[in-house]
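Colleague: Before we start, here is the structure in question, set down as structure tokens.
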Amino acid sequence: MALLCFLFTQAQEYSLGIKGGGNYAMGGTITGISSGGVYFDGTVEADSQFGLHGGLFFELRYKKFFVRPEFVYSKMETEFAFPTAPSTYAVDKISVPLLVGYNVWGPIDIYAGPAYQNVLDSSLEGTEPPNQVIVVQNTPLAAQAGIKAGFGRFEIDLRYDRSLSTEEPMEVDIINTDFGINRATFNDTRLNQILISLSFKIFDSEANAGRRTGGCYF
């Protein structure tokens, strides 16, 4: 609490707002697929799909530098092209990044930082038993980096979100009559994503002539 108070009082500007947009999920591989007793010695990579995300941010600025914690919910999907029907791999997660950034020119900022991530739900369509939980990560840590541009109370943000988990293969049974396969090894369950966001500053000290000049109210 004392550290938050110090950072808040030392900041030249601060803002609080909401954000949302689209994301492009990447990753997911399955190996050792069998169908009708035939073994396929190869790897099937998931096709990337678009999803959505939304959340909150709080930013503290110190001249050209800034610190920006966020809280973001992401819904990600990829798709496996199985022999008789596609199967959707879906992951919902909450991400809490702590980003440190620098203003490179005018409205343009770059940033990077660690993120804590908690998977809320994960599933591969067609697994048996139904809705089998897929283990997506063996560590909650991730890394994010990106670039953003501000225009008054609005910002456009483009970033890359990468999981720091390692591969953890797991066996899955898939309904053969629907998807044309029997058993597979989900070799890599990790998903990374590219996010593009539109942010709106609900409160912006720079635009508020009556903002405080000192003190801490936590």
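Colleague: Read through the list (1) open to solvent by less than 50 Å² (accessible area, probe 1.4 Å); (2) under 30 Å from Gln12 (Cβ atoms), then give the number of the only condition that Gly126 fails.
Modeller: For Gly126, the exception is condition (2).
Colleague: Pull up region 1-23, narrow it to residues that are of a type outside the set (A, V, I, L, M) and open to solvent by 80 Å² or more (accessible area, probe 1.4 Å), then point me to the one that is modelled with the highest pLDDT.
Modeller: The first filter runs over region 1-23 and keeps only residues of a type outside the set (A, V, I, L, M), leaving 5-6, 8-10, 12-15, 17, 19-23.
With the extra rule that they be open to solvent by 80 Å² or more (accessible area, probe 1.4 Å), the set shrinks to 6, 10, 12.
Numbers: Phe6: 52, Gln10: 57, Gln12: 71.
Ranking the candidates gives Gln12 first.
Colleague: Does region 64-109 hold any residues that are open to solvent by 10 Å² or more (accessible area, probe 1.4 Å), among the charged types (D, E, K, R) and either within 18 Å of Leu198 (Cα to Cα) or touching a helix residue (DSSP H, G or I) at 6+ places or on another chain (Cβ under 7 Å) (or both), and which are they?
Modeller: Within region 64-109, just Lys75 meets the criteria.
Colleague: Out of everything in region 37-51 that is modelled with pLDDT of 65 or more and part of a loop (DSSP other than H, G, I, E, B), what residue ends up being surrounded by the fewest Cβ atoms within 10 Å (Cβ to Cβ)?
Modeller: Gln49
Colleague: Looking at the structure I just gave you, is Gly55 at pLDDT 95 or above and buried (at least 17 other Cβ atoms within 10 Å of the Cβ)? Working first, answer last.
Modeller: Details: at pLDDT 95 or above: yes; buried (at least 17 other Cβ atoms within 10 Å of the Cβ): yes.
It is true that Gly55 is at pLDDT 95 or above and buried (at least 17 other Cβ atoms within 10 Å of the Cβ).
Colleague: Of all residues in region 135-152, which are closer than 25 Å to Ile175 by Cα and surrounded by fewer than 19 Cβ atoms within 10 Å (Cβ to Cβ)? Please lay out each step first, then the result.
Modeller: Initial filter on region 135-152 (closer than 25 Å to Ile175 by Cα): 135-137.
Once the filter is applied, which keeps residues that are closer than 25 Å to Ile175 by Cα and surrounded by fewer than 19 Cβ atoms within 10 Å (Cβ to Cβ), region 135-152 yields only Val135.
Colleague: Would you mind finding the one in Thr166, Thr177 that is open to solvent by 60 Å² or more (accessible area, probe 1.4 Å), free of Cβ contacts under 8 Å to residues at least 12 places away in the same chain and polar (S, T, N, Q)? Give the steps one after another, and end with the answer.
Modeller: Numbers: Thr166 fails: free of Cβ contacts under 8 Å to residues at least 12 places away in the same chain.
The unique qualifying residue is Thr177.
The values are calculated or read from the model by the stated rules, or taken from the named source; none is laboratory data. Only a predicted model underlies this, so the values are computations on that prediction, with no experimental measurement involved. Counting neighbours? That spans all protein chains shown, and the Cβs are built from the backbone with ideal geometry, glycine included. Accessible surface areas use protein heavy atoms only, side chains included; no ligands, DNA or RNA. Shrake-Rupley method; radii C 1.70, N 1.55, O 1.52, S 1.80 Å.
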